[in-house]
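Read the structure below first, then the notes.
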Amino acid sequence: MSSIEIGSWASARHRSSVLWVVAIAAIAILFDGYDLVVYGTILPVLMDDPGQIGALSASQAGALGSYALVGVMVGALTCGAIGDHFGRRKMMLINIVWFSVGMALASFATSITTFGLLRFFTGIGVGGLVATAGAMIAEFAPPGRRNLFNAIVYSGVPAGGVLASILAIILRDAIGWRGLFLIGALPLLILFPLAWFRLPESPVWLVARGRIDEAQAVSLKTGIPLPATVTRPIDAPAEKVGFRALASKQYVWGTALLGLMSFAGLLLTYGLNTWLPKIMENAGYNAKGSLSFLLVLNGGAIIGGLLASRIADITGPQRVVATTFGLAALALLLFTFDFPLPILLASVAIAGVGTIGTQVLIYGFVSNYYSTPARAAGVAWCAGFGRLGGIFGPLIGGSLISAGISSEAAFYVFAGIAVLGCIVTFFVPKQTPDLDTTPLDISALPAIKETSGEAGVTVVG
């Protein structure tokens, strides 16, 4: 069967291999979202019952919410520093184990200090997953589907939020917060074995590293085509790899602005997911009613993020991201009006699209913005620097609540941040990525010439 008959797939085996990669990455990111939201669902329990991990004030709760995000920042930046050198598969496997062990250990914490340290430890694994997944999908997905597949994978964040909200509503009273955390350790049992057997190394990354024989072997086994062209000529000097590439003239300005976009997106995402149940509880909703707002917030992000990503594949992501930031600002302003519950829930769903959904789109934007030698570092930079925003989100919410400031004022602050994110998005300079993955006829593979080290490759036809 020809590639024309199949469309964007080189073969049925190519399609199957890529869908396995997307599924594994999406499940991994789902547990990132679960980790993000499950803390918000158990926060009222920890604050109301000092017998769990100790007496917890609002400001301490905000700080605890930020410890995991500091870990995510460390994990993302560390993975970015080494991921472009050591490969996508290896980093994915390591971080699945790291994250799962951290969630399991945190479930046994009996003090604020221990709980905070284990949240930081868990965050390191989460950061590594986030940084690696985007690079993988950008290199495996066929042209015309990269934003969509990135959105499917990173929609795991709000999908995990939905899962955490539903399980908290159903099971929190039965298994307690410790049981909810143990559920977060399941990737070690169900995902790691699957990833070990079904997750290949990226042929695009192998080619960029000059490991042509290995790239050919992966391509022959999985049906994933090798890139038909490489942007760097064979006699060019070695291209900068990792964070060194981000500091080059080509990327430095875009890197700074993409980092600010991610900062704003993650501040909104973590701020709302951490404090929305408590804010709504303070506004008079019962415990299960306040948790339902989290469910709507993350559900809206999944549906809206997927629709927006399809538009981004057609029109480009930049304008779409700016638009969703604007939707976030509008929805957050609507929170301050005394609307009936159905309109309020619709506003929460739109806010989910504009906050969590926007961050999903940003990861897709970033993954396709950089060349292969800088891709993991670029995603890691945005995930890592962006987590500074995630750190400030819970802290801002905790500080506002501790100061007795109204929920309306908190929503005004978050809406202002969304407006700033929209403005920054317009100034990101255009780039042309090197992701030519036009299917290469396997019979032509022996004609591939390899140069020594990392100087580059060329395809002889």
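Key figures for this structure:
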item: Cβ-based net charge around Gly123, under 9 Å, with every Lys or Arg adding one and every Asp or Glu removing one; result: +1
item: Tail weight of P(r) past 33 Å, computed on alpha-carbon pairs of segment 3-459, percent; result: 33
item: Volume in Å³ per residue [convex hull over Cα atoms, computed for segment 30-138]; result: 84
item: Convex hull of Cα atoms in segment 119-213, direction-averaged projection (nm²); result: 8.0
item: Model label zone, Thr114; criterion: amide N under 20 Å from point 7 Å along Cα-to-beta-carbon; scope segment 36-56; result: 39, 42-43, 45-56
item: For Val320, net neighbour charge (Lys/Arg +1, Asp/Glu -1) across residues whose Cβ lies under 14 Å away; result: +2
item: Distance (nanometres) between label positions extended 7 Å along Cα→Cβ at Phe192 and Ser402; result: 3.7
item: Test item: Cα-centred dipole of segment 3-459, Lys/Arg +1 and Asp/Glu -1 on Cβ, debye; result: 380
item: Which of Val360, Val366, Val424 has the fewest Cβ neighbours within 10 Å, and the rest in rising order; result: Val424, Val366, Val360
item: Simple spin-label estimate for Asp338 and Asp213 in nanometres, 7 Å along Cα-Cβ; result: 7.6
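All of the numbers you see were taken from the coordinates with simple rules; none came from a lab. A quick note: this is a predicted structure, and the numbers were derived from the prediction, not measured. Note that we place each Cβ from the backbone using ideal geometry, even for glycine, and neighbour counts take in every protein chain shown.
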